[in-house]
Amino acid sequence: MNEEYPNQPRAEKRAGCAGRAVAFALVFALGAGVTGFAGWQMGWMHHGIMPMMVTNAPTISPVGEAQMNARIATLDQKLRAIETQAALASGQAGRAEALLVSIATRRAIERGTPLGYLEGQLRIRFGEALPQVVNGVIAFGRAPITQDRLSAQLDVLAQQLTGPEEQQSTWSKVQRDLSGLFVLHSETRPAAPDPRMRLDHARLCLREGRIEDAIADVRLLPGAKAAQGWIADAQRYAAAMHALDALDTSALLEPKGLRDGQGRLIEQASPLAGPAQVAPSPAPTPSPAKP
């Protein structure tokens, strides 16, 4: 047998390995049984681990729950106060930005430069509150008249305004003479019966920004007919100044209709507005330039 099956001793070695495996399985089964029995004694198999942990969790007393609710209410009040303050700050920031836009528009108008991006800002911020004023300012900005230009034109017309007018009608001469007979003088506006003195007074009013007084003086000059174009330009300039004043007032006191740069309505009242503050009256719209 040994000669025919030279590998027979290996079978005996395999039988020894199988015996050791069986012994190891028996030891493992015995350990598992001991562990299961211990778990059954401690209640793991019937109730599980989580119920035992829940029964050990601390309970909150009614007094502690009331304190916790009071703290939550206090935090909620603080959050509401913070939200209110943030909304107020956002509203005041929107008003400040609108005022800056109005000031920048005034500077551009006074210099005779194009408004550019300010046109869009005016429409967004003031378009709902003062639509006619905004349209008038934009139209004037596209055909501007500066104060220096009005002064220069008045100097060019000086000879025609103060000299005798050959084409003047008899009725016009009578009206001019009668207007010089009875003149009411005030402390703020000295008398200027002489045409040259009246023209100098018109120039002074123009430099001080009193455009209406300058127009009134020019209309009383002998050659006022030659200044009709100047009077129209001066009236446009005066209307534009009034419109800019309305924009400034709206940025500070407008109770409704004012919007921020993103077009959101500013609902917060101005701190400068009183309890009975009303909306600012619309300013006269500047007339379009004549072609």
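The values are calculated or read from the model by the stated rules, or taken from the named source; none is laboratory data. What you see is a predicted model; the values in this text were computed from it and never measured. When we count neighbours, we look across all protein chains shown, and the Cβ atoms used for this are built from the backbone with ideal geometry, even at glycine. Side chains are part of the model used for accessible areas, which takes the heavy atoms of the whole protein and leaves out ligands, DNA and RNA. Shrake-Rupley method; radii C 1.70, N 1.55, O 1.52, S 1.80 Å.
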Has segment 206-215 got at least one residue that is of a type in the set (Lys, Arg), at pLDDT 90 or above and either part of a loop (DSSP other than H, G, I, E, B) or on the phi > 0 side of the Ramachandran plot (or both)?
yes
Just a yes or no: is a residue in segment 100-115 in contact (Cβ under 8 Å) with a residue 60 or more places away in the chain, over 15 Å from residue 266 (Cα atoms), open to solvent by less than 30 Å² (accessible area, probe 1.4 Å) and in contact with a Pro (Cβ under 7 Å, 6 or more places away or on another chain)?
yes
Output the residue which, of all residues in segment 205-228 that are more than 39 Å from the chain's Cα centre (by Cα) and without any contact (Cβ under 8 Å) to a residue 60 or more places away in the chain, is most open to solvent (accessible area, probe 1.4 Å).
219
Quick one: how many residues across segment 105-141 are acidic (Asp, Glu), out of contact with any helix residue (DSSP H, G or I) (no Cβ under 6 Å at 6 or more places or on another chain) and part of a helix (DSSP H, G or I)?
1
Which condition does residue 161 not pass, out of (1) open to solvent by less than 60 Å² (accessible area, probe 1.4 Å); (2) assigned to a helix (DSSP H, G or I); (3) within 26 Å of residue 231 (Cα to Cα); (4) modelled with pLDDT of 90 or more, if it passes all the others?
(4)
